[in-house]
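No lab work stands behind these numbers, since they all come straight from the coordinates. Note that the structure is a prediction, hence the values are computed from the model and not measured. Every residue, glycine as well, gets a Cβ built from its backbone with ideal geometry; the counts of neighbours run over all protein chains shown.
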Amino acid sequence: MGGFLIRRTGAALVVLVVSSVLVFLGVRAIPGDPAIALGAENRDPAVLAAVRHKYLLDRPLPVQYAHWIWLALHGDLGTDQRDLPVAHTIVSRIPISLELAILSMLIATLVGIPAGVIAAVRRGKLQDHAVTGVALLGLSVPHFWLGLLAIIWFAVDLHWLPAGGYVGWAHPLSNLEHMIMPACVLAAGFAAVLMRQMRSSMLDSLGADYIRTARAKGLSEWSVICRHALRNSLITVTTVMGLQLGLLISGVVVTETVFQIAGFGELTFESVNQRDYTLIQGVVLVAATGYIVANLLVDIAYSLLNPRIRAS
Amino acid sequence: MLEVSDLSVRFDTDDGPVHAVDRMSLTLAPGEVLGVVGESGCGKSVTCMSFVRLLPETAHVTGRVLFEGRDLLTLSARELRRIRGREISYVFQEPMSSLNPVFTVGRQVGEVLQRHLGLSRAAARSRTIELLRLVRIPAAERRLDEYPHQLSGGMRQRVMIAIAIACDPKVLVADEPTTALDVTIQAGILDLMRDIRERLGTAIVLITHNLGVVADVADRVVVMYAGRKAEEAPVPELFAHPQHPYTIGLLGAVPRPYEGEGTRERLQEIPGRVPSLHELPQACAFADRCPRADEVTRSQIPQLREVRPSHFVACFHPGPG
Amino acid sequence: MNVIVVAELDPRTRRRRLLRKRFLRRPVAVAGLVVVLFFVVVAIFAPWVAPHSSAFTDFNHTLAKPGSRYLLGTDELGHDELSRIIWGARSSMLVGVLATLLAMVIAVPIGMVAGYYRGWTDTVIARATDVLLSFPFVILAVGLAAILGPSLLNATLAIGIGSIPGFIRIARGETLARREEDYVPAAIANGATDRTIIFRHILPNMTSTLLVQATLTIPQAIIGEAVLSFLGLGVQPPQTSWGVMLQDAQSYTSQAPRLAVFPGIALVLVVLAFNVFGDGLRDILDPRTTR
């Protein structure tokens, strides 16, 4: 397992470096003077000179890159248009988005996995068709539209839940009230994918020889399904989760925009609207880094679960 | 002890019904080794898997399977599960895929011990080590915590056997236990089976398409063809005086080492193919390929008759080749 | 005696007939195809089908409810909703198809090369794909919008690039499997070059898998376009798309909720139809299918 982890971590580092290079080059590709872009559009010559000095804009590109990375690793991602340190803004917003992401993944898992299992066990019957149909719908409905509909229905018409905004953890009940709709909306797409993957994976597992052995041993159906088949299927599904992470990040951006939650995603949206290049640069870099790290964690989880990797 | 009568199995497929087994009957006495022989698709596995209802839902099983006086086909699911793994257990053909890849060997053996004998985790562990030693797996303590993919094919099969004999069953059904293994490993497994019969007194149903295996281990043999029983006899009797043309054909097709005198005999192959199992022909299933076929065999189903002491044949023209 | 001569069909016609038979046994997939074709036709013939142009406004009838004059009502600027939905179909379908095509054209050769040569080539391509994956399509669109400004083209690029890893994976997987087949060493023994093997032998066998993947990628691309337009990163006014319409609708959720409902329904219909048809296609092309 050690070898596997080392290789995966090495790969992740390589990807991280290349991605950061791309972000770096991207900022330099913005039309116009990079000093203006990096200086949050401030055209005051003194400020421009200071920006040029700080980012070493007169030196060759590789030097600029190294310096820029150096600054980033020390938590300096520049200042945005409102003169606030980008890193600070991003860091203050991440916990909110993290809460949204984790909550929605939780909901998706709690709904999607059992549904997929039931659909596989009752293949071809009513439960299977119901789950497959719902999953298909979940895949086909853009979740921001779902969000809009949810707001119209639950907030505007029924007044059960607030239409948007965010309340901190100091008021847990209110926090939940505000988060429940966005989390459910974001969870819809993933639950759909999970349902389908789980179903397909369980069908494979249940058709395997070792299930016949388990039955021949006289184990109860519950034991056969939940212990023998499910363990194998969960491992396969973990790899799928890794691929969904990217969609999760995209989904967070959209959902926060719809529900006006001041998180990392909404920050992304605002940064584009304001054409705040320093902020955009910081956001893209952090998003990419976050994805790579999360992916690595999924890989680690997978290696722990899969005995073929763990025991070698 | 085990009495199967009038067993028929029909699968409903998209291409129509498939009659895999047609009115089979079998008996098994305590401690005896019964060989069930036939080519692929003749219904031997299906017959034996139907004892404890291990077939998929698409299979319709009719008939009676009496085990110690109780009909297993009508038993409740719960009662049946008490018999599976404890009184009647199985060893399957593919050791690679018959063990769950995500559980350790120890866990998979211990599972039956805990479920049927109520052993605690610790007791199951030590008993598992004993069982692994019984099936001659070296370094048993270490193997306990290993995963199936870390063992060789032969060892995996031994683990399967350990699982099967863990609760000291009365019947062990081995479905082509050696077919997927190298020839050199096969002998070891067969040795083990003989050992088990002698030491534990377990009755064994040995399914195989290899007559050599049968000659080696079995007491009695049943030859199946196209879902029906063709011939049944004690092993020495069958090999010395085969009666059914199919059996004779099978024996003729066994390669024998050249013994040095005269010209070598050609391997006899049986011309033709196994009939499709979509219909139940009202005739001898072997008629199309049989050198002794005539009007009678093509129009009636031959019934089992005792043509020599303890030797039964379903043929209109039994006799030596 | 009457002799009926039955012509022996060649294998390709036979296969086509088998596929058609299987397809017709799946009414849901057929329905999907019908809906897809309907929207494609509407999108192509938008100038003739839509009652008004997409820029048309009627300031006397803003936020009108559905009625005889404007079948689906109007928005806050007096645009005819029905016309906008029809014109929006154009943008959405265009982006969906173009992005998918872009992804395929780039990704399939790369994936095949990775699967065929393996070793270092494969590793490098795998890492490059990872780099691509680390920029989720929204983030990518944000980046592109910063550099090039938001537009339909950029949305197409972002979605296309985002779809590349999926096709690479499929092309690579298929190539890996097929290069082990017996006809490969046979072809090499007959002097075939790598290029011949890849394009003449392996690629044609992949077409059905690629077709299915394309049919299932287009709906994701359509949703992606809607998302990007909703965020203001895609289609810009006066052009319209369903995403843009939903963005406008966001401000009027209390006054005119229907503004959000209609474009969304159109989206769901198209995407669902594509998904259902794609699923059915995958089913009938699978050699293991019995019906």
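How about region C:123-198: which GluC sites (Glu not before Pro) there lie in a loop by DSSP and see at most 11 other Cβ atoms within 10 Å? Passing both the DSSP loop test and the Cβ count: C:Glu180. Modelled spin labels at B:Glu57 and A:Ala50, positioned 7 Å past Cα toward Cβ, are 7.3 nm from each other.
For region B:86-94, putting each phi into the Karplus relation 6.51 cos²θ - 1.76 cosθ + 1.60 with θ = phi - 60° gives couplings of 10, 9, 10, 10, 10, 10, 9, 6, 9 Hz, in residue order, rounded to whole numbers and with x for Gly and Pro. In order along region C:33-38, the phi-based Karplus estimate (6.51 cos²θ - 1.76 cosθ + 1.60, θ = phi - 60°) of 3J(HN,Hα) comes to 4, 4, 4, 4, 4, 4 Hz; Gly and Pro are listed as x. Using 0.36 nm per residue and subtracting the Cα-Cα separation, the extra length available between A:Ile102 and A:Ile69 on full extension is 9.0 nm. Between the alpha-carbon centres of region C:197-247 and region A:1-75 there is a gap of 31 Å.
Sorted fewest first by neighbouring Cβ atoms within 10 angstrom, A:Lys125, B:Lys44 come out as A:Lys125, B:Lys44. When only the Cβ of Lys, Arg, Asp and Glu is charged (+1, +1, -1, -1), the dipole of region A:90-273 relative to its Cα centre reaches about 1000 debye.
Ranking A:Gly2, A:Leu57, A:Val21 by how far each Cα lies toward the positive end of the dipole of region A:2-73 (charges on Cβ) leaves A:Gly2 at the top. Here's the picture: charge each Lys and Arg Cβ at +1 and each Asp and Glu Cβ at -1 in region C:1-95, and of C:Ile44, C:Val34, C:Leu71 the one pushed furthest to the positive end of that dipole is C:Val34.
In debye, nearest 20, what is the charge dipole magnitude of the protein assembly as shown about its Cα centre with +1 on Lys and Arg Cβ and -1 on Asp and Glu Cβ, if you could check? Before the final figure, lay out the partial values.
Values: 86 positive and 78 negative charges, 196 e Å.
That gives the protein assembly as shown a dipole magnitude of about 940 debye.
How much length is gained on full extension from A:Asn175 to A:Cys226, taking 0.36 nm per residue of separation minus their Cα-Cα distance? If you can, show how the numbers build up before the last one.
Numbers: separation 51, 0.36 × 51 = 18.36 nm, distance 3.47 nm.
Value of the extension gain: 14.9 nm.
Our estimate of slack between A:Arg43 and A:Gln81, defined as 0.36 nm per intervening residue step minus the Cα-Cα distance, is 12.5 nm.
Straight Cα distances below 15 angstrom link C:Lys65 to the aspartates and glutamates C:Asp75, C:Glu76, C:Asp80, C:Glu81, with same-chain residues fewer than 8 positions distant left out.
If you put +1 on each Lys and Arg Cβ and -1 on each Asp and Glu Cβ, how big is the dipole of region A:2-73 around its Cα centre, in Debye rounded to 20?
Values: 7 positive and 4 negative charges, 64 e Å.
Computed about the Cα centre, the dipole is about 300 debye.
With both labels modelled 7 Å from their Cα along Cα-to-Cβ, the C:Leu71 to B:Asp71 distance reads 6.7 nm. When B:Thr58, A:Thr239, A:Thr89, B:Thr128 are arranged by Cβ crowding within 10 Å, least crowded first, meaning fewest neighbours, the order is B:Thr58, A:Thr239, A:Thr89, B:Thr128.
Going by neighbour counts of Cβ atoms within 10 Å, the residues B:Ser120, A:Ser140, C:Ser208, C:Ser163 line up, fewest first, as B:Ser120, C:Ser208, A:Ser140, C:Ser163.
Between B:Ala215 and A:Arg310, what's the calculated FRET efficiency when r is the beta-carbon distance and R0 is 51 Å? Round to 0.05.
Values: r = 45 Å, r/R0 = 0.88.
It comes to 0.70.
If you take the beta carbon distance between A:Arg7 and C:Arg195 as r and set R0 to 35 Å, what does 1/(1 + (r/R0)^6) give as a FRET efficiency, to the nearest 0.05?
The computed FRET efficiency comes out at 0.65.
Comparing A:Trp160, A:Ala170, A:Cys184 along the charge dipole axis of region A:99-230, the residue lying farthest to the positive side is A:Cys184, per the Cβ-charge model.
For region A:299-304, backbone phi angles converted through the Karplus equation (6.51, -1.76, 1.60; θ = phi - 60°) give residue-by-residue couplings of 4, 5, 4, 4, 5, 6 Hz, Gly and Pro being listed as x. Within the same chain, lysines fewer than 8 places from B:Lys170 are excluded, and of the rest, those with a Cα less than 22 Å from its Cα are A:Lys217, B:Lys44.
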